[in-house]
Amino acid sequence: MCGIIGLYDKEASWAAYRSLLAIQHRGQNAAGILTLNSKFYLKTGNGLVTEVFNGFPLDGLKGDLAIGHVRYPTSGDNPLGESQPFFLQYPHGLGLAHNGNLTNYLELKRELRAKERTLQTTSDTEVLLNVFADELLKSDPITSLEGTMNKVEGSYSSVILLGQDGGKVIAFRDPHGIRPLVIGEKDTENGKEYMACSESVGLDVTGYELIRDVRPGEMVTIKRGGIEFDQIMEPKPAHCCFEYVYISRPDSIIEGKSVYDVRFKLGENIDFSKDVDVVIPVPDTSRTAALGFALKNNLPYREGLIKNRYIGRTFIMPCQKYREEAVIEKLNVIRKEVSGKRIALVDDSIVRGTTSRRLVTLLRKYGAKEVHFISSCPPITNPCYYGIDMSVKDELVASKGIGDIEGKIGADSVTYQTIEGLVRAIGMPRSKLCLACLNGEYPTNLSCSNAECLSRNRELERRNMKI
Ligand code: SF4
């Protein structure tokens, strides 16, 4: 998962910077902005948005068209060389920022190399850019994107900044619309300005009004003072349910659904019958679900775990070692709320089990009498190949069943959300959701060899990063 933006705005670099700050939770590994007036200007780097642009004069990124990116790596083994947007001089000058994961990028890479295209990184984003650039040599942007979509598989919500005809931003989503992407507009004295962003919070902070989501398989072209919509591929929606559970900000609206409302309902939907004294959320993502759960069950809600805000999200850290260390440093306990209590501990999910086990251990250390673990997400039993870093099945604690899950994380009991409860909370037909990590039904073409390759590759990349 990453965050992307693309916009036409008289203050493009400033608006891009502020929007990237709003979606920083989608990736903390690297950030970048590419702008265009009559020339391209690019600034990328490793770290948080504020670190990358610290002391950097934003007015040096000239122009009124821009794309930007915050990165969280799910492919690629070089954290220092793969910050986005990627840029090619030819044809026309074009840059691309991508959120998702191409499942056939290794095959495509071989094809591109056979055409003597030079690829400098191990990133699937560079592959996507080169496939599009290759098509653009033969045709117009619409036909080129259609050609690209016919070749690439997997998930891709992306933005392209294209120098052709004075410049334009192209925003598009794969035919399943797996990762989110919304469009907004703003009335100014110079006419309308437009922005595409991974989440609606990026529009809110810059004064844009949400128009709607980019449709699955759709291409949206943002030009100076205008916007065009072209349906390139037949939509086959399969929106990622994990965006609602964990990834997106609660103040975002995705596919017309408030993430806050969904999380509240996730809490309400959990069937629970143990006697407990208090409900404690794992901050921050689980607060809303814990509140819904506590109110539904007439239980007191207390903040028993306090988070150090200056340590990043543990789940999106690129390796287990970083995640484990960060959990220890990130959370501290309010002893009075925990000691001697039977606790219902609500977390958004149990992925590898490491974080959950450490949380339970921490609460017991501070005197908790019982810890009943509640996951607002159903058991995660299958890998994700679409841009969430859980592509290695053996790492998932529930991949072989949840028979001894209590023992594995050290809790007195574990209660999971059901898939039905999750679908009901999102309020969308089940057929329009990707639930593959919960039920193994992948919405895209995914050959066994591709899936195995992706898992093996990710393990190797982590080893190359010594993580
Ligand atoms: S497999 Fe799971 S995490 Fe991945 S896109 Fe589908 S629902 Fe989201």
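The residue pairs whose first member lies in the range 232-243 and is of a type in the set (V, I, T), whose second member is away from the ligand (no atom under 14 Å from the Cβ), and whose beta carbons are closer than 8 Å, counting only pairs six or more residues apart or on different chains, are I232/I142; I232/L145; I232/E146; I232/M149; I232/F172; I232/G217; I232/E218; I232/M219.
Within the range 352-383, which residues are within 16 Å of the ligand (Cβ to nearest atom) and of a type in the set (G, A, S)? Talk me through it step by step, then tell me what you get.
Keep residues of the range 352-383 that are within 16 Å of the ligand (Cβ to nearest atom), which gives 352, 375-383.
Residues satisfying the conditions are S375, S376.
Answer yes if at least one residue in the range 279-286 is outside any loop (DSSP other than H, G, I, E, B), more than 25 Å from the chain's Cα centre (by Cα) and within 19 Å of S413 (Cβ to Cβ), and no otherwise. Within the range 279-286 (the criterion being outside any loop (DSSP other than H, G, I, E, B), more than 25 Å from the chain's Cα centre (by Cα) and within 19 Å of S413 (Cβ to Cβ)), the answer is yes, since at least one residue qualifies.
Of all residues in the range 43-59, how many are touching a Ser or Thr at 6+ places or on another chain (Cβ under 8 Å) and farther than 18 Å from M195 by Cβ? Before you say what the answer is, go through the steps one by one.
First pass over the range 43-59, keeping only residues touching a Ser or Thr at 6+ places or on another chain (Cβ under 8 Å): 44-46, 52, 58-59.
Filter once more, so that each one left must be farther than 18 Å from M195 by Cβ: 44-46, 52, 59.
Number satisfying all stated conditions: 5.
Filtering the range 131-185 to residues that are at positive phi and assigned to a strand (DSSP E or B) leaves only G154.
Scanning the range 292-310 for residues that are surrounded by 15 or more Cβ atoms within 10 Å (Cβ to Cβ) and assigned to a strand (DSSP E or B) gives Y301, L305.
All conditions in (1) away from the ligand (no atom under 16 Å from the Cβ); (2) buried (at least 19 other Cβ atoms within 10 Å of the Cβ) hold for H176, with the sole exception of (1). Being more than 23 Å from K168 (Cβ to Cβ), in contact with a Pro (Cβ under 6 Å, 6 or more places away or on another chain) and crowded, with 22+ Cβ neighbours inside 10 Å is a description that does not apply to V279.
Scanning the range 8-25 for residues that are part of a helix (DSSP H, G or I) and more than 19 Å from G60 (Cβ to Cβ) yields A22, Q24, H25.
In contact with a Leu (Cβ under 8 Å, 6 or more places away or on another chain), modelled with pLDDT of 95 or more and assigned to a loop (DSSP other than H, G, I, E, B), is that true of V276? Can you show your working first?
Numbers: in contact with a Leu (Cβ under 8 Å, 6 or more places away or on another chain): yes; modelled with pLDDT of 95 or more: yes; assigned to a loop (DSSP other than H, G, I, E, B): yes.
Taking the combined requirement at face value, the residue satisfies it.
Going by what's in this entry, would G217 be described as more than 17 Å from the chain's Cα centre (by Cα) and touching a residue at least 40 places away in the same chain (Cβ under 8 Å)? Spelling it out, G217 is indeed more than 17 Å from the chain's Cα centre (by Cα) and touching a residue at least 40 places away in the same chain (Cβ under 8 Å). Quick check on the range 91-100. Is at least one of its residues of a type outside the set (G, A, S), away from the ligand (no atom under 16 Å from the Cβ) and crowded, with 21+ Cβ neighbours inside 10 Å? Yes: one or more hits. For the range 265-283, which positions are of a type in the set (G, A, S) and touching a Phe, Trp or Tyr at 6+ places or on another chain (Cβ under 7 Å)? Result: G267, single match.
Contact map, the range 374-394: residues that are at positive phi paired with residues that are of a type outside the set (D, E) and near the ligand (Cβ under 7 Å from one of its atoms), Cβ distance under 9 Å, separation 6+ or inter-chain. Pairs shown: G387/S155; G387/I178; G387/C240.
Taking each residue of the range 178-203 that is touching a residue at least 24 places away in the same chain (Cβ under 8 Å) and looking for partners that are within 16 Å of the ligand (Cβ to nearest atom) and of a type in the set (F, W, Y) with beta-carbon atoms closer than 7 Å, six or more apart or interchain, yields I178/Y386.
Among the residues of the range 217-236, the one identified as closer than 15 Å to V182 by Cα and in contact with a Pro (Cβ under 6 Å, 6 or more places away or on another chain) is G217.
Would you please name the residue that is farthest from the chain's Cα centre (by Cα), looking only at residues in the range 227-276 that are within 13 Å of the ligand (Cβ to nearest atom) and either surrounded by fewer than 18 Cβ atoms within 10 Å (Cβ to Cβ) or not hydrophobic (A, V, I, L, M, F, W, C) (or both)?
From the range 227-276, those within 13 Å of the ligand (Cβ to nearest atom) are 237-248, 254; that's our starting set.
The next check asks that each one be either surrounded by fewer than 18 Cβ atoms within 10 Å (Cβ to Cβ) or not hydrophobic (A, V, I, L, M, F, W, C) (or both); those that pass are 237, 239, 243-244, 246, 248.
Values: P237: 17, H239: 12, E243: 7, Y244: 10, Y246: 9, S248: 7 Å.
Out of the qualifying residues, it is P237.
Residues that are within 12 Å of the ligand (Cβ to nearest atom) and under 21 Å from Y260 (Cβ atoms): list the helices (runs of 4 or more DSSP H) wholly contained in the range 394-441 that include at least 1 such residues. Even if it seems obvious, please write down each step before you answer.
Numbers: elements: 405-409, 419-426, 436-439.
In the range 394-441, 419-426 are the helices (runs of 4 or more DSSP H) which contain 1 or more residues that are within 12 Å of the ligand (Cβ to nearest atom) and under 21 Å from Y260 (Cβ atoms).
Can you tell me which residues in the range 363-391 are touching a Leu at 6+ places or on another chain (Cβ under 9 Å) and either part of a loop (DSSP other than H, G, I, E, B) or at pLDDT below 95 (or both)? Result: A368, S376, C377, P378, P379, I380, T381, N382, P383, Y385, M390, S391.
The values are calculated or read from the model by the stated rules, or taken from the named source; none is laboratory data. Treat the numbers as computed from the prediction; the structure is a model and nothing was measured. Don't worry about glycine lacking a Cβ; one is built from the backbone with ideal geometry, like all the others, and counts go over all protein chains shown.
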